[in-house]
Amino acid sequence: MTVTWEGLGWERVAAGVGRVRLPGWDCTAGLVVGADAVLMIDAGSSLAEGELLRGQAWELTGRHVTHLALTHPHFDHVFGAAAFADTEVFGAAGVAAVLSFGTVEAQELRADAVRNGLEESAATAATAALVRPRHLVSGERTLDLGGGRQVLLANVGPGHTAHDLAVLVPGSPPTVFCGDLVEESGEPQAGPDAVPAHWPAALDRLLALGGEDARYVPGHGAVVDAAFLRAQRDALSGRFGVSP
């Protein structure tokens with residue numbers, strides 16, 4: 001189907017593939033449309049933002065989101081997930097332990113959200129409604145969205161976190177949703193859950209997935225190319241003292 005992306009502030013990346021840069025933290029959400037299914041990539045920073053994304057997906061496609069891929073367990077990417085009821089949710093292996101209400105990790109997510117400016121009530125509500133992905137990806141997993149559209153989910157971490165999932169959408173050109181393994185609008189953020197020694201290798205895995213001609217969609221910022229990923233990989237290697 002043909003999707004007109006620009007009316008709601010979305011950006012066309014490739015045929016049937018779009019993304020939006022959400023306000024506040026300039027966080028990316030993505031949408032991939034097949035003949036039978038619709039995949040959302042990341043869910044926004046609050047329950048309200050998740051509801052907004054769900055509604056926009058309906059306006060853009062006339063269909064409900066059927067699949068949700070969470071690229072990594074940080075509040076600005078996962079706190080809206082509960083808005084996507086009856087959706088098959090995917091994440092990297094091990095991420096379910098982080099996204100479990102009542103755990104130390106969940107409380108740290110809440111605290112991080114408040115530190116970064118999310119209203120305390122919104123952070124509390126989202127933490128109480130955390131969604132644990134039902135489908136955990138250890139290596140790679142292919143989703144068939146119908147009409148010949150297949151999407152590859154790849155566990156490419158650790159790096160930005162211990163649980164980094166990338167999404168490859170084959171096409172001309174291919175599209176790779178990178179999560180926060182790649183950032184364009186600022187220096188990549190390495191928090192206490194980052195695994196710096198493995199981050200440059202994760203970028204090599206992204207490059208192997210997409211190849212030279214792919215469009216790489218970062219977790220924050222504008223769409224970039226393979227040369228940008230190589231430069232960011234080299235910068236991270238120098239920053240963390242990792243041999244290339």
Practice item. Have a look at the DSSP beta bridges in the chain and tell me what percent are antiparallel, nearest 5. Key: 70 percent
Exercise for review: Positive end of the charge dipole of the chain (Lys, Arg +1 and Asp, Glu -1 on Cβ, about the Cα centre): tell me which of G55, F240, P174 has its Cα farthest that way.
Suggested key: P174
Review point. What percent of all Cα-Cα pairs in the chain falls in each 10 Å bin, counting up from 0?
Key: 8, 35, 39, 16, 1
Review point. Considering only protein heavy atoms and a 1.4 Å probe, what is the carbon-and-sulfur percentage of the accessible area of the chain?
Key: 51 percent
Practice item. Report, in order of residue number, the helices in the chain meeting two criteria: a C-alpha extent of 18 Å or more along the helix axis, and a mean Kyte-Doolittle hydropathy of at least -0.5; treat each whole DSSP H run as one helix. Key: 47-61, 226-240
Point to revise | Pairwise FRET efficiency - S121 versus T142, Cβ, R0 = 35 Å, nearest 0.05 | key: 0.30
Check your understanding: So, counting K/R as plus one and D/E as minus one, what does the shell of residues with Cβ under 11 Å around R215 add up to?
Key -> -1
Check your understanding: For labels at E51 and R230 in the simple 7 Å Cα→Cβ model, what's the distance in nm?
Key -> 4.7 nm
Study note, to complete from the structure: Percent antiparallel among DSSP beta bridges confined to segment 87-159, nearest 5, equals 65 percent
Review point. What length, rounded to one decimal in nm, is gained on full extension from Q189 through to A222, with 0.36 nm per residue of separation minus their alpha-carbon distance?
Key: 10.3 nm
Study note, to complete from the structure: With -39,500 (n - 2.57) per DSSP H segment of 4 or more residues and division by the full residue count of the chain, the 222 nm estimate, nearest 500 deg cm²/dmol, is -8500 deg cm²/dmol
Point to revise | Net charge contributed by nearby residues that have their C-beta within less than 12 Å of S46 (K/R +1, D/E -1) | key: -4
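The values are calculated or read from the model by the stated rules, or taken from the named source; none is laboratory data. Just so we're clear, the structure is a prediction, and the values are computed from it rather than from any experiment. Counting neighbours? That spans all protein chains shown, and the Cβs are built from the backbone with ideal geometry, glycine included. Note: areas computed on protein heavy atoms with side chains; ligands, DNA, RNA excluded. Shrake-Rupley method; radii C 1.70, N 1.55, O 1.52, S 1.80 Å.
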